[in-house]
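The values are calculated or read from the model by the stated rules, or taken from the named source; none is laboratory data. As the structure is a prediction and not an experimental result, all values here were calculated from the model. Here the Cβ positions follow ideal geometry from the backbone for every residue, glycine too, while neighbour counts run over all protein chains shown.
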Amino acid sequence: MSTMLADTARHRVVVIGAGFAGLQLVHQLSHPAVSITLIDRRNHHLFQPLLYQVATTVLSTSEIAWPIRHLFRDRSEVETLLGEVTGVDRDNRCVVLEDGTGVAYDTLVVTTGSRHAYFGKDQWEPFAPGLKTLEDATTIRRRILQAS
């Protein structure tokens, strides 16, 4: 596993997840002795409360999703990475990404959010799809528009 180089003179904070909690933490964490790496498997932050409006064609996807890099464009101490975290090597204080690279940390914060649940009734999913992602919203929108 190769490890991404980091400025070892600064305290390295790695935040997994760019949802509301991850973004709030990064926005509030500002100190010259800290470097922040924000990792998410999507390249955008999603304002989930408005997903239903995308699903019902009131809003477009671009109106509720913003590129993560754009949100922190004025923060040189914040690095954003597009990647899937597959593990954490606690002994070496390193987050392992799907491509085999590692991101070293001094402090690790996990803000990965949640997924919808059917409370033991998974057979309901085809009839009651979740609404947590842009893909979910556009799938529901397509079903609505194609309904006769």
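Structure values in brief
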read-out: Lone qualifier among Leu134, Leu108, Leu97 - being closer than 21 Å to Asn43 by Cα, in contact with a helix residue (DSSP H, G or I) (Cβ under 6 Å, 6 or more places away or on another chain) and surrounded by 13 or more Cβ atoms within 10 Å (Cβ to Cβ); value: Leu134
read-out: Residues of segment 7-39 satisfying the condition of being among the aliphatic types (A, V, I, L, M), surrounded by 21 or more Cβ atoms within 10 Å (Cβ to Cβ) and assigned to a helix (DSSP H, G or I); value: Val26
read-out: Some residue of segment 116-123 being surrounded by 11 or more Cβ atoms within 10 Å (Cβ to Cβ), touching a residue at least 24 places away in the same chain (Cβ under 8 Å) and more than 24 Å from Val15 (Cβ to Cβ); value: no
read-out: Residue among Val54, Val78, Val58 that alone is over 27 Å from Val13 (Cα atoms) and either touching a strand residue (DSSP E or B) at 6+ places or on another chain (Cβ under 7 Å) or crowded, with 17+ Cβ neighbours inside 10 Å (or both); value: Val54
read-out: Checklist (1) closer than 30 Å to Arg143 by Cα; (2) touching a Ser or Thr at 6+ places or on another chain (Cβ under 7 Å) applied to Glu98, failing item; value: (1)
read-out: Residue list for segment 106-143, restricted to those being under 21 Å from the mean Cα position of the chain (by Cα), among the small types (Gly, Ala, Ser) and more than 30 Å from Cys94 (Cβ to Cβ); value: Ala117, Gly130, Ala137
read-out: Residue that is surrounded by the fewest Cβ atoms within 10 Å (Cβ to Cβ), among those in segment 61-75 that are touching a helix residue (DSSP H, G or I) at 6+ places or on another chain (Cβ under 8 Å), of a type outside the set (Val, Ile, Thr) and over 26 Å from Ala33 (Cβ atoms); value: Glu63
read-out: Residue identified as modelled with pLDDT of 95 or more and polar (S, T, N, Q) among Thr80, Thr139, Thr112, Thr133; value: Thr80
